[in-house]
Ligand code: G5P
Ligand code: MG
């Protein structure tokens, strides 16, 4: 069996974690796991964890560590035969330590995007709640305004993309991420990408992963259609 590959993508809200994760999943066949999607699924299903998480998300706060680890670690433990990319977890040092005791990571991608760019992007973001499909009115608008491309159902804005919640999320990210970034740097697995456009960052990430993931060659990476 080919060696499994485990990666994490970190970055502030709106930095492009979800967009880049989808490209990585498509190009390299990793399973994309999104902590935000897990939380939203639990909110939609009205689970105990979901009801609790909603009170934090609405205020632009992180969901407590014990709730996140209880939601996510069992899921990862089931994935013993899959290569995966975790988007949005860990978000705190405590989560990073919990993850560390579950598995060894091969690589961590950290996105470093200017604050003004993030604010602009998130205020333009719309979601199809049933599928989690994400649109941006400037970057990747739906074919019909306000409607999901596949189902035709209405799009909505997340509560946590609304202005009050957004400012708190961006401010908080930097402080909390620093010790995690330092930890992964000290392990020699951190790769940071800076810029204002996903399309310009993507070729560098594509090239890095082509070199790191067994069986994926750089020659194949030249003509990947952008989703
Ligand atoms: P989430 O869902 O993980 P965030 O806050 O980390 O949410 P988010 O909002 O999902 O991050 P992203 O995935 O980094 O952003 O970015 P994205 O969705 O791909 O891109 C953002 C927008 O910009 C999209 O509209 C996209 O189309 C557009 N875009 C991308 N690239 C470009 C570009 O180059 N140009 C332009 N113009 N647009 C672009 O977490 C949600 C909440 O759940 C809780 C927290 O409360 C969190 O706030 N939570 C956790 N709490 C504790 N611990 C954890 N581990 C938690 N995980 C989630
Ligand atoms: Mg996301």
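Key figures for this structure:
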quantity	calculated
Test: residue in segment 149-164 that is out of contact with any helix residue (DSSP H, G or I) (no Cβ under 8 Å at 6 or more places or on another chain), on the phi > 0 side of the Ramachandran plot and in contact (Cβ under 8 Å) with a residue 12 or more places away in the chain	no
Residue check, residue 111 within 16 Å of ligand 2 (Cβ to nearest atom), in contact with a strand residue (DSSP E or B) (Cβ under 7 Å, 6 or more places away or on another chain), in contact (Cβ under 8 Å) with a residue 60 or more places away in the chain and closer than 27 Å to residue 188 by Cβ	yes
Segment 36-51: number of residues that are more than 16 Å from ligand 2 (Cβ to nearest atom) and either under 24 Å from residue 186 (Cβ atoms) or surrounded by 17 or more Cβ atoms within 10 Å (Cβ to Cβ) (or both)	2
Of all residues in segment 168-178 being surrounded by 12 or more Cβ atoms within 10 Å (Cβ to Cβ) and more than 10 Å from ligand 1 (Cβ to nearest atom), the one that is modelled with the highest pLDDT	177
Some residue of segment 124-139 being closer than 26 Å to residue 213 by Cβ, touching a residue at least 24 places away in the same chain (Cβ under 8 Å) and buried (at least 20 other Cβ atoms within 10 Å of the Cβ)	no
Scope segment 61-82; condition closer than 14 Å to residue 38 by Cα and either loosely packed, with under 12 Cβ neighbours inside 10 Å or touching a strand residue (DSSP E or B) at 6+ places or on another chain (Cβ under 9 Å) (or both); matching residues	72, 74, 75, 76
Within segment 56-141, helices (runs of 4 or more DSSP H) holding 1 or more residues that are more than 11 Å from ligand 1 (Cβ to nearest atom) and at pLDDT 90 or above	65-78, 93-100
Test: residue in segment 2-18 that is under 11 Å from the mean Cα position of the chain (by Cα), within 15 Å of ligand 2 (Cβ to nearest atom) and part of a helix (DSSP H, G or I)	yes
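The values are calculated or read from the model by the stated rules, or taken from the named source; none is laboratory data. Treat the numbers as computed from the prediction; the structure is a model and nothing was measured. A quick note on method: Cβ atoms are made from the backbone with ideal geometry, for glycine too, and the neighbour counts reach across all protein chains shown.
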